[in-house]
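A.B. asks: I am attaching a structure below and will ask some questions about it afterwards.
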Amino acid sequence: METVILAVVIAVVVLGALGGLIVGSRRKKSLPPPPPAAPDITAPPAEPHVGDEAETPRDEPRRTIEEVDLPDGSAPVAVEEPPALEIPEIEVPEPTAGRLVRLRARLSRSQNALGKGLLTLLSREHLDEDTWEEIEDTLLTADVGVAPTQELVDGLRERVKVLGTRTPDELRGLLREELLKLVGTDFDRTVKTEPETSKPGIVMVVGVNGTGKTTTTGKLARVLVADGRTVVLGAADTFRAAAADQLQTWGERVGAHTVRGPEGGDPASVAFDAVKEGKEMGSDVVLIDTAGRLHTKTGLMDELGKVKRVVEKHAPLDEILLVLDATTGQNGLVQARVFAEVVDITGIVLTKLDGTAKGGIVVAVQRELGVPVKLVGLGEGADDLAPFEPEAFVDALIGE
């Protein structure tokens with residue numbers, strides 16, 4: 001019995017020793033590394049609001065769909081309509097017939113130094129040499145010019161000598177006849193806007209700075225529209241910032257289309273495009289406003305000649321109007337002479353003829369260039385450009 005117990009004890013000890021060996025060997029083996037921890041993911045920054053670019057993103061309370069107040073549909077939602085574009089009102093210019101007659105009173109008030117001065121001198125009882133010298137001085141002061149003055153004085157001397165007795169009415173009639181001879185009644189003063197072949201008629205307006213070319217071009221557009229013509233304006237004065245805007249405003253007032261280019265651009269290109277669009281639109285007349293030029297600057301005058309040549313690639317020019325300030329007197333004749341050499345002037349526009357006693361410039365400039373005064377500006381009003389009528393002009397000078 002004791003032997004059996006001993007055998008059992010020995011077996012238990014042996015099994016315990018074997019178990020300890022197995023556990024020890026397992027501990028000596030390296031255990032696999034633990035799985036990596038989940039990385040911390042940083043949420044992207046919130047989208048910045050206007051003006052918040054430099055601020056730190058912040059948590060903002062958000063509302064659920066249930067918390068948002070939605071319209072119930074009972075009140076209409078007001079939708080603001082875009083403002084309507086203002087369409088400029090088209091004006092109806094005053095008819096040109098009789099414009100100078102209507103303005104005769106104004107011209108008479110401003111020009112009476114010439115006509116009434118001559119009548120006063122001629123009414124003297126004795127017309128001696130001193131009186132005739134005063135008559136000459138009056139004419140020269142009015143910018144009639146030396147040669148025309150001498151012609152007028154010689155004619156008056158002869159007529160007065162033959163006439164003998166001189167009543168006021170006879171003197172007025174005598175002076176009217178002699179002045180009409182100087183002004184000229186046989187010129188064709190029509191502004192040529194109807195070409196013989198195909199439309200449009202092409203008119204170019206030239207002159208020195210400050211004579212009022214752009215304003216004259218706009219007023220001439222009104223004259224043509226009043227006569228039932230359709231007009232395209234070419235803003236070829238690209239050197240003066242406000243010129244194109246000014247001309248476009250004149251055009252919009254009477255419904256005339258304006259062709260313009262970039263500021264400081266090539267004026268010949270603008271003139272070319274204006275004629276091209278005038279042809280495409282079937283317009284009656286194209287008016288081209290050119291930049292003011294000092295007649296002493298050769299380069300600028302050469303460029304004006306270039307504008308003329310470029311336009312004539314489309315069609316010949318029907319009119320080249322020179323705008324002169326009537327107050328410049330004999331200096332205006334120097335300007336006219338230079339311009340005539342460059343672009344073949346066909347007609348004169350005298351501006352600022354009101355407010356001055358220098359109406360004799362009409363005679364002088366016609367003698368200088370051999371071309372007629374076709375239009376006169378007698379004021380600042382939109383319709384104060386009138387076709388020149390010699391009879392009405394002379395009547396305004398000497399009064400009724």
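The values are calculated or read from the model by the stated rules, or taken from the named source; none is laboratory data. As the structure is a computational prediction, the values presented were derived from the model and not from experiment. Every residue, glycine among them, receives a Cβ derived from its backbone with ideal geometry; neighbour counts consider all protein chains shown. Please note that ligands, DNA and RNA were not included when accessible areas were found on the heavy atoms of the full protein model with its side chains. Shrake-Rupley method; radii C 1.70, N 1.55, O 1.52, S 1.80 Å.
A.B. asks: Can you give me the accessible area per residue for region 248-289, using a 1.4 Å probe, in Å²?
C.D. replies: Result: 42 Å² per residue.
A.B. asks: Taking the Cα centre of region 163-217 as the origin, how large is its charge dipole in debye, to the nearest 20, when only Lys and Arg (+1) and Asp and Glu (-1) carry charge on their Cβ atoms?
C.D. replies: 240 debye
A.B. asks: Quote the FRET efficiency, to the nearest 0.05, computed for residue 123 versus residue 269 with a Förster distance R0 of 51 Å and r equal to the Cβ-Cβ distance.
C.D. replies: With a Förster radius of 51 Å, E is 0.30.
A.B. asks: Sticking with this one: Using a 1.4 Å probe on the protein chains only, how many percent of the accessible area of region 183-308 belongs to carbon and sulfur?
C.D. replies: 48 percent
A.B. asks: Same structure, new question: Could you go through region 117-134 in sequence order and give the Karplus-derived ³J(HN,Hα) for each residue, using 6.51 cos²θ - 1.76 cosθ + 1.60 with θ = phi - 60°, rounded to whole Hz, and x for Gly and Pro?
C.D. replies: Running phi through 6.51 cos²θ - 1.76 cosθ + 1.60 with θ = phi - 60° gives x, 5, 4, 5, 5, 5, 7, 4, 5, 10, 9, 8, 4, 4, 5, 5, 5, 5 Hz.
A.B. asks: Here are some pairs, 276/308; 213/352; 219/374; 199/374; 213/308; which of them have Cα atoms lying more than 19 Å apart in this structure?
C.D. replies: The answer is 199/374.
A.B. asks: Could you tell me the calculated FRET efficiency between residue 181 and residue 382, based on Cβ-Cβ distance and R0 = 35 angstrom, to the nearest 0.05?
C.D. replies: Approximately 0.55, to the nearest 0.05.
A.B. asks: Using the alpha-carbon centroid of each, what span in Å lies between region 245-274 and region 124-178?
C.D. replies: 48 Å
A.B. asks: Separate question: Apply the Karplus parameterisation 6.51 cos²θ - 1.76 cosθ + 1.60, with θ equal to phi minus 60°, to every residue of region 374-386 and state each ³J(HN,Hα) to the nearest whole Hz, in sequence, with x for glycine and proline.
C.D. replies: Rounded to whole hertz, the list is 9, 9, 10, x, 10, x, 8, x, 4, 10, 9, 9, 10.
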